[in-house]
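**Student:** I am attaching a structure below and will ask some questions about it afterwards.
The values are calculated or read from the model by the stated rules, or taken from the named source; none is laboratory data. This one's a predicted model, so the numbers in the text were calculated from it and none came from an experiment. With ideal geometry, Cβ positions are generated from the backbone for all residues, glycine too; neighbour counts draw on all protein chains shown.
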């Protein structure tokens, strides 16, 4: 009989560690399993203002989290998409909304094709009017809107912007209430089985020994177990994604929080602005070959819209992916498994997918190599997809005003992305792999917004007469306008059900 | 200014050609694109049947075909699945039912509960938890709307000649021009078909040619780079025999696929007759020997002539070259083991419609089309190879070889993960979904060693209650379904009279 995995050890706290521990505590429980998390307060976590994408709902639903409580406790705001400023060229802006572009036009092809025809015949080229989330974001409105019963209008898609440190703390409370055990301490040594190489225990600085059947490495960039012990290797992607530094600083809130994240292209990278309930998270992601850390810090502080609330904090990283995210009885989750800059808010999603896949592929104590192989393969596909999407933002641009942007514009890109860009520029077709994380609307919004304007569109879009086309497009635009008109302001919505308590605000 | 596609010519015969023409008529002809069919001689024999999956309903909806016509004019019988027998010496037959419930939330489906239950001594077979399989066994038609996570649909057994004629009639009535001809010559320049010369000397030109000519691949077979890649190493049958037998009464709600020493036989019930197919390996046996054994294998006497033909199990290395697009079994062909033949046609047409070319001089869509069709083909091939791989007919050289031979790596991954954990990693462009693969694997006796740990979070009493509830729900739903004969009798035949009157 095979032996079940009973004792699971999570090495490292932070967002990844506590997301893993909370999910394990919920799913496996602590009756037949032990769930132990080892973290050290000496080692800081990378937690900064963090933006997410809609699939985070699946994780929160798995935990059975009450949304209002969660929003309150993490000082969260709602997010309908990302505003990109100065990315195509200085002075330009576009919006990457969650949600669906337009609506079906009867008997036809995708809305995008009709819209492209409409624009070619003189229509307004701002596609944002045709995505409810985009319109709502532009006006600072938000509410939870389910799909209409007749199926005519879809639900409003959203995610959250929250304080990563309070999110981790919230999940820690959740996990500990369900019997997960936290050990404070630094890991100084790892014991492996001399025959199998499996990890049997980690030793802490104070001499304690924490043993387990399965280890989850959430130790961050350095990959204490996955790299330190198993030498899993690292695919360096910095030739495509040269950014290797970020400087982060929170500032005072100066206006009602926007229901979107803002990303502004800068001379040697980009600056994020993530509004939370109590303050605003800011950061400058850049490449140190083009800009020094001091200079980046100075520029960031200069460009804040409120008073800085802390000293700027520098983060150092290399874009890329751990070659194997799962080796023997060790699974890397979070930064230990790879790093992609937070341009499309995918960090938490990559953590979440690793955790969900662990459940899908949950092993016995002797881990079947088939599970490992499949897991690693599926994660590779996901990482490559997100990587390509992010590279697209840098490659497709008119900017060449600094050496940094000249490099990005002229760099070679992965073949997978090149093929995609070619088809898109030919006919706006974005359908590639149905299982992709970023779908048609996302690719369209970003590539179009970055300045890649399709030469043509699906011929069937010509089947409508000019009048029918005008009527159909106007009808969809009006329907979206009406949906958005019913929404309250984002600030009022938060106030009505999920405003942070003063205690949490102070934290 | 670039030149747009204005003239499309479909070259082919039978259902694939008329399906393509009907779909083109419905979608692109509204945009001013002309559609013409060059109708080649039929490849069908009177005994032929199409056995189709429930997804064909989506195609019928798309082209505006009233399904009552199928039951009035095409001898159609609705079937809830396929029953596989004699694939193992020891285990009983199983039914691959056409369950169509959406995938379970967060990947935790009933199958995981069943696996744990099985390990704890649950004796009820997997197929009893399939609404479609239970309906099939009860001879009933799953035509009801879905209830919670229970949903099944029916596929179709169709008289191939009558179905093709119906599609032809409806398409011609819609205004598609058609010419019956054979091809005398095809002029190709580079990767473009310049003209197709017909037997009467007419030279046909088009911006886009759709090859729906079946395995003869009248156009694509001549295009550069579109040679055949054989899959016979995995799928050994290379001959197929088709015949007819008497009709069954009452009509069953499933088709029957039985393995025999050198291949398999299929019984496809139709109204008034039963189509009988045998697929086998010519290295193992002769046409005459199979014909002699057929009455015994089918357990029915054969009426009229049987027809034998070569069976190609292969894919074109490219399905879209220049201005020539292959659909259905011009692009790839497989034995009719899992009833996907028309679905392949439908899928190819859908992809072609999505990627319908913008310009008549360059076809950047071709590469993506090729990639999609290859994925589709590989996934379906793997599904069919799994039947052979998982057979338990020991001490018969043909079947021993099938079981011992390595399978494609893409299938091995599915087999391995299922054996380890009861999950099936799906690829893009799968015809069959996880529930189909589960039914196939478990039906052939592949039992997972382990299950999703989230099942352990369900208390045992609740687990038992859920299992019981599902059994009861299925029995209740099936009781409300009509027997096949009643279902057919209830079909409205007024439309059919109109079609017949119009000729």
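**Student:** Please go through segment B:276-289 and pick out each residue that is surrounded by 17 or more Cβ atoms within 10 Å (Cβ to Cβ) and over 14 Å from residue B:258 (Cα atoms).
**Tutor:** B:281, B:282, B:284, B:285
**Student:** Continuing with the same structure: What's the total number of residues in segment A:427-482 that are assigned to a helix (DSSP H, G or I), touching a strand residue (DSSP E or B) at 6+ places or on another chain (Cβ under 8 Å) and within 9 Å of chain B (Cβ to nearest Cβ)?
**Tutor:** 1
**Student:** Among the residues of segment B:290-327, what is the count of those that are part of a loop (DSSP other than H, G, I, E, B) and without any contact (Cβ under 8 Å) to a residue 12 or more places away in the chain?
**Tutor:** The total comes to 1.
**Student:** Still on this structure: Would segment A:420-442 turn up any residue that is modelled with pLDDT of 95 or more and surrounded by fewer than 14 Cβ atoms within 10 Å (Cβ to Cβ)?
**Tutor:** No, every residue in segment A:420-442 fails to be modelled with pLDDT of 95 or more and surrounded by fewer than 14 Cβ atoms within 10 Å (Cβ to Cβ).
**Student:** When you scan segment B:373-399, how many residues do you find that are surrounded by fewer than 19 Cβ atoms within 10 Å (Cβ to Cβ) and within 14 Å of chain A (Cβ to nearest Cβ)?
**Tutor:** Matching residues across segment B:373-399 total 1.
**Student:** Shifting gears a bit: Filter segment A:279-321 for residues that are surrounded by fewer than 18 Cβ atoms within 10 Å (Cβ to Cβ), assigned to a loop (DSSP other than H, G, I, E, B) and in contact (Cβ under 8 Å) with a residue 60 or more places away in the chain and give the result.
**Tutor:** Those that are surrounded by fewer than 18 Cβ atoms within 10 Å (Cβ to Cβ), assigned to a loop (DSSP other than H, G, I, E, B) and in contact (Cβ under 8 Å) with a residue 60 or more places away in the chain: A:309, A:310, A:311, A:318.
**Student:** Run residue A:137 past the list (1) crowded, with 21+ Cβ neighbours inside 10 Å; (2) touching a helix residue (DSSP H, G or I) at 6+ places or on another chain (Cβ under 8 Å); (3) more than 30 Å from residue B:353 (Cα to Cα) and report the number of the one that doesn't hold.
**Tutor:** Here residue A:137 clears every test but (2).
**Student:** Now, a different point. Of all residues in segment A:410-426, which are over 24 Å from the mean Cα position of the chain (by Cα), part of a helix (DSSP H, G or I) and over 22 Å from residue A:119 (Cβ atoms)?
**Tutor:** A:410, A:419, listed by residue number.
**Student:** Being more than 9 Å from chain A (Cβ to nearest Cβ), under 23 Å from the mean Cα position of the chain (by Cα), assigned to a loop (DSSP other than H, G, I, E, B) and within 18 Å of residue A:371 (Cα to Cα): is that true of residue B:407 here?
**Tutor:** Spelling it out, it is not the case that residue B:407 is more than 9 Å from chain A (Cβ to nearest Cβ), under 23 Å from the mean Cα position of the chain (by Cα), assigned to a loop (DSSP other than H, G, I, E, B) and within 18 Å of residue A:371 (Cα to Cα).
**Student:** Name, by its number, the condition in (1) within 14 Å of chain A (Cβ to nearest Cβ); (2) in a helix (DSSP H, G or I); (3) surrounded by fewer than 20 Cβ atoms within 10 Å (Cβ to Cβ) that does not hold for residue B:465.
**Tutor:** Single failed check for residue B:465: (1).
**Student:** OK, next. When you check residue B:297 against the structure, is it surrounded by fewer than 22 Cβ atoms within 10 Å (Cβ to Cβ) and in contact with a helix residue (DSSP H, G or I) (Cβ under 9 Å, 6 or more places away or on another chain), yes or no?
**Tutor:** Here the answer is yes, as residue B:297 does meet what is asked.
**Student:** Whether any residue in segment B:114-122 is over 30 Å from residue B:419 (Cβ atoms) and either crowded, with 24+ Cβ neighbours inside 10 Å or within 14 Å of chain A (Cβ to nearest Cβ) (or both) is what I want to check.
**Tutor:** No, the conditions are met nowhere in segment B:114-122.
**Student:** Is it the case, given these coordinates, that residue B:35 is within 14 Å of chain A (Cβ to nearest Cβ), buried (at least 24 other Cβ atoms within 10 Å of the Cβ), at pLDDT 95 or above and more than 16 Å from the chain's Cα centre (by Cα)?
**Tutor:** yes
**Student:** Now, a different point. What do you reckon, is residue B:118 more than 27 Å from residue B:216 (Cβ to Cβ) and in a loop (DSSP other than H, G, I, E, B)?
**Tutor:** no
**Student:** Shifting gears a bit: May I ask you to say which residue of B:84, B:59 is closer than 24 Å to residue B:251 by Cα, under 21 Å from the mean Cα position of the chain (by Cα) and outside any loop (DSSP other than H, G, I, E, B)?
**Tutor:** Exactly one of B:84, B:59 is closer than 24 Å to residue B:251 by Cα, under 21 Å from the mean Cα position of the chain (by Cα) and outside any loop (DSSP other than H, G, I, E, B), namely B:84.
Yes/no matrix, rows are residues, columns are (1) within 14 Å of chain B (Cβ to nearest Cβ); (2) part of a loop (DSSP other than H, G, I, E, B); (3) surrounded by 14 or more Cβ atoms within 10 Å (Cβ to Cβ):
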site: A:50; (1), (2), (3): no, no, yes
site: A:91; (1), (2), (3): no, yes, no
site: A:95; (1), (2), (3): no, no, yes
site: A:101; (1), (2), (3): no, yes, yes
site: A:113; (1), (2), (3): yes, no, yes
site: A:119; (1), (2), (3): no, no, yes
site: A:129; (1), (2), (3): no, no, yes
site: A:145; (1), (2), (3): no, yes, yes
site: A:156; (1), (2), (3): no, yes, yes
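**Student:** Step by step: first the residues of segment B:353-372, then only those that are farther than 22 Å from residue B:317 by Cβ and outside any helix (DSSP H, G or I), then the one that is farthest from the other protein chains (Cβ to nearest Cβ). Which residue is that?
**Tutor:** Out of the qualifying residues, it is B:361.
**Student:** Can you spot a residue in segment A:366-380 that is over 30 Å from residue B:415 (Cβ atoms), modelled with pLDDT under 95, in a helix (DSSP H, G or I) and at the interface with chain B (Cβ under 9 Å from one of its Cβ atoms)?
**Tutor:** no
**Student:** While we're on this one: Can you name the condition, by its number, that residue A:190 falls short on among (1) surrounded by fewer than 20 Cβ atoms within 10 Å (Cβ to Cβ); (2) modelled with pLDDT of 95 or more; (3) assigned to a helix (DSSP H, G or I)?
**Tutor:** (3)
**Student:** Can you spot a residue in segment B:328-349 that is surrounded by fewer than 24 Cβ atoms within 10 Å (Cβ to Cβ), part of a helix (DSSP H, G or I), touching a helix residue (DSSP H, G or I) at 6+ places or on another chain (Cβ under 8 Å) and within 14 Å of another protein chain (Cβ to nearest Cβ)?
**Tutor:** yes
**Student:** Filter segment B:417-458 down to the residues that are over 23 Å from the mean Cα position of the chain (by Cα), free of Cβ contacts under 8 Å to residues at least 60 places away in the same chain and more than 11 Å from chain A (Cβ to nearest Cβ) and list them by number.
**Tutor:** B:446
**Student:** Which count do you get for residues in segment B:218-243 that are farther than 23 Å from residue B:404 by Cβ and buried (at least 22 other Cβ atoms within 10 Å of the Cβ)?
**Tutor:** Here the count works out to 8.
**Student:** Of all residues in segment A:55-85 being assigned to a loop (DSSP other than H, G, I, E, B) and buried (at least 19 other Cβ atoms within 10 Å of the Cβ), which is farthest from the other protein chains (Cβ to nearest Cβ)?
**Tutor:** A:75
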